[in-house]
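One structure below.
Throughout, read-outs are computed from the coordinates displayed, never taken from laboratory work. Everything numeric in this text was worked out from a predicted model, so none of it was measured. With ideal geometry, Cβ positions are generated from the backbone for all residues, glycine too; neighbour counts draw on all protein chains shown.
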Amino acid sequence: MRIGELAQRTGVPVPTIKYYAREGLLPPGVRTSPNQVRYDDTHVHRLKLIRAMLEVGGMSVTAVGQVLARMDAPDRTVRGMLGGAARPAVGRTAAERGTPQDRERAEADAAELVRRHGWRVEPENPGWVALVQLILTYRDLEREDLLALLDEYASAAGRLAGAELATVARVPTADGKVEAVVLGTVLGDAAMAALRRIAQEDVSTRTMVPSA
């Protein structure tokens with residue numbers, strides 16, 4: 001197909017497609033003449049994947065490029081992609097808060113939370129830094145009540161991670177598994193945020209309705 005048809009099938013304007021190609025997000029098409037390039041269904045799928053990460057996942061073009069580069073690497077693994085997909089999304093943390101003593105205490109709290117739930121994780125996990133920053137922030141705001149909710153979050157996250165990886169395991173191809181990990185991580189974050197807000201409205205409505 002020509003680039004015009006590719007734009008029509010994906011809803012991505014031609015100049016944007018050319019930009020993604022220049023940035024390395026979209027593989028080049030096959031040049032059939034000095035002025036013509038042909039594309040196929042793999043380009044359609046890649047553009048839909050890019051749009052999903054940008055528009056639904058809320059990622060930057062740079063972050064999408066990093067994730068796609070890891071997906072395309074010949075030595076990528078499903079386990080490695082769990083960290084690779086999460087790092088651009090979770091790694092957007094603010095500058096370090098608190099004193100060294102504060103951070104040491106938050107690190108200890110994070111380690112204890114992980115121990116309570118029986119998790120085996122590496123310190124390089126991108127979520128670890130975000131968790132420590134979150135604990136520091138709760139303490140800085142003197143919101144120990146919110147800090148106490150972390151076990152609830154952890155329990156829900158553990159169940160969800162098990163369900164997600166079971167879904168990935170059922171995908172028959174290696175490429176499909178890698179893509180499922182990326183979408184499950186990036187779009188899963190968006191899905192969880194959306195469903196949580198819906199659930200909050202439901203719970204608040206039911207609990208605030210006066211009894212008869």
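Can you give the percent of C-alpha pairs in the stretch 133-212 whose distance is more than 16 Å?
Tail of the P(r) past 16 Å holds 69 percent of the pairs.
Tabulate in residue order the Karplus-calculated ³J(HN,Hα) for the stretch 23-30, using 6.51 cos²θ - 1.76 cosθ + 1.60 with θ = phi - 60°, rounded to whole Hz; enter x for Gly and Pro.
7, x, 6, 10, x, x, x, 9
Sequence-distant or interchain residues sharing an amide H contact under 5 Å with V37, placed H: which?
I3, T32
S60 versus L113, label points 7 Å from Cα toward the beta carbon: distance in nm?
Going from the S60 label point to the L113 one covers 2.5 nm.
In whole Å, what is the distance between the alpha-carbon centres of the stretch 148-212 and the stretch 1-53?
Using only Cα atoms, the two centres lie 32 Å from each other.
Please arrange M59, M53, M208, M1 by how many other C-beta atoms lie within 10 Å of their C-beta, fewest to most.
Sorted ascending by nearby Cβ count, the order is M208, M1, M59, M53.
Excluding V64 itself, calculate the net charge of residues whose Cβ lies under 10 Å from the Cβ of V64, where each Lys or Arg counts +1 and each Asp or Glu counts -1.
In short, 0.
Please list, in order along the stretch 185-190, the HN-Hα scalar couplings obtained from phi with the Karplus expression 6.51 cos²θ - 1.76 cosθ + 1.60 (θ = phi - 60°), rounded to whole Hz, x for Gly and Pro.
Calculated HN-Hα couplings, in order: 6, 5, 6, x, 4, 5 Hz.
Find the relative contact order for the chain and round it to a whole percent, using C-alpha pairs within less than 8 Å whose residues are 6+ positions apart.
It rounds to 20 percent for the chain.
Could you give each residue of the stretch 164-176 its phi-based ³J(HN,Hα) in whole Hz, using Karplus coefficients 6.51, -1.76, 1.60 with θ = phi - 60°, and x for Gly or Pro?
Running phi through 6.51 cos²θ - 1.76 cosθ + 1.60 with θ = phi - 60° gives 5, 5, 5, 5, 4, 4, 7, 6, x, 10, 5, 4, x Hz.
With the crude spin-label approximation of a point 7 Å out along Cα→Cβ, what separation in nm comes out for T137 versus M208?
Going by the 7 Å Cα→Cβ label model, 2.4 nm.
Of the labelled options (i) 1.14; (ii) 1.20; (iii) 1.26, which one gives Cα Rg over 2.2 N^0.38 Å as computed for this structure?
Answer by label: (iii).
Test of understanding: what is the full-extension gain from T77 to R170, defined as 0.36 nm times their sequence separation minus their Cα-Cα distance?
Residue separation times 0.36 nm, minus the Cα-Cα distance, leaves 31.9 nm.
Nearest 500 deg cm²/dmol is fine: what mean residue ellipticity at 222 nm does the chain get from its DSSP H runs of n ≥ 4 alone, each adding -39,500 (n - 2.57), divided by its residue count?
One gets -22000 deg cm²/dmol as the mean residue ellipticity at 222 nm.
As a test of the definition: which semi-axes, in Å, follow for the stretch 3-56 when you take the square root of five times each eigenvalue of its alpha carbon gyration tensor? Largest first, please.
Equivalent ellipsoid of the stretch 3-56: 19, 11, 10 Å, largest first.
With 10 angstrom as the radius, rank V129, V64 by how many other C-beta atoms surround their C-beta, starting from the fewest.
Least to most surrounded, the residues fall as V129, V64.
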